[in-house]
Amino acid sequence: MNGQNRKDIYPGLKVDIILKKDQRSGKLTRGIVKDLLTSSAFHSRGIKVRLEDGQVGRVAEIVDEL
């Protein structure tokens, strides 16, 4: 599942994000969502989140769903 819809993303969810510095390479970083930073319901490049380790990026893919 992609990370373009805010309703699909919540704190505690495991996701793959693309950090700003990795946008050209497309390298993914896996982590657990701490905060949602995008306020709109949909974003074409992915909802921006902060992971529990403090890294910020856009959700490329949701790894697990409950």
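Quick look at the numbers
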item: Arg30 vs. criteria assigned to a strand (DSSP E or B), without any contact (Cβ under 8 Å) to a residue 60 or more places away in the chain and either surrounded by 15 or more Cβ atoms within 10 Å (Cβ to Cβ) or among the hydroxyl-bearing types (Ser, Thr, Tyr) (or both); result: no
item: Every pair of residues 6+ apart whose Cβ atoms lie under 7 Å, when the first sits in the range 43-56 and is over 15 Å from Gly3 (Cβ atoms) while the second is among the small types (Gly, Ala, Ser) and assigned to a strand (DSSP E or B); result: Glu52/Gly31; Asp53/Gly31
item: Any hit, the range 2-23, residues being touching a residue at least 60 places away in the same chain (Cβ under 8 Å) and within 12 Å of the chain's Cα centre (by Cα); result: yes
item: Any hit, the range 2-12, residues being more than 12 Å from Ala60 (Cα to Cα) and polar (S, T, N, Q); result: no
item: Residues being surrounded by 15 or more Cβ atoms within 10 Å (Cβ to Cβ), in contact with a strand residue (DSSP E or B) (Cβ under 6 Å, 6 or more places away or on another chain) and not hydrophobic (A, V, I, L, M, F, W, C) - total across the range 35-53; result: 4
item: Which listed residue, of Gly3, Gly12, is part of a loop (DSSP other than H, G, I, E, B), crowded, with 17+ Cβ neighbours inside 10 Å and either out of contact with any helix residue (DSSP H, G or I) (no Cβ under 7 Å at 6 or more places or on another chain) or of a type in the set (Gly, Ala, Ser) (or both); result: Gly3
item: Within the range 54-66, tally of residues that are surrounded by fewer than 16 Cβ atoms within 10 Å (Cβ to Cβ) and either among the aromatic types (Phe, Trp, Tyr) or at pLDDT 95 or above (or both); result: 4
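The values are calculated or read from the model by the stated rules, or taken from the named source; none is laboratory data. Remember, predicted model here, so these are calculated numbers, not experimental data. With ideal geometry, Cβ positions are generated from the backbone for all residues, glycine too; neighbour counts draw on all protein chains shown.
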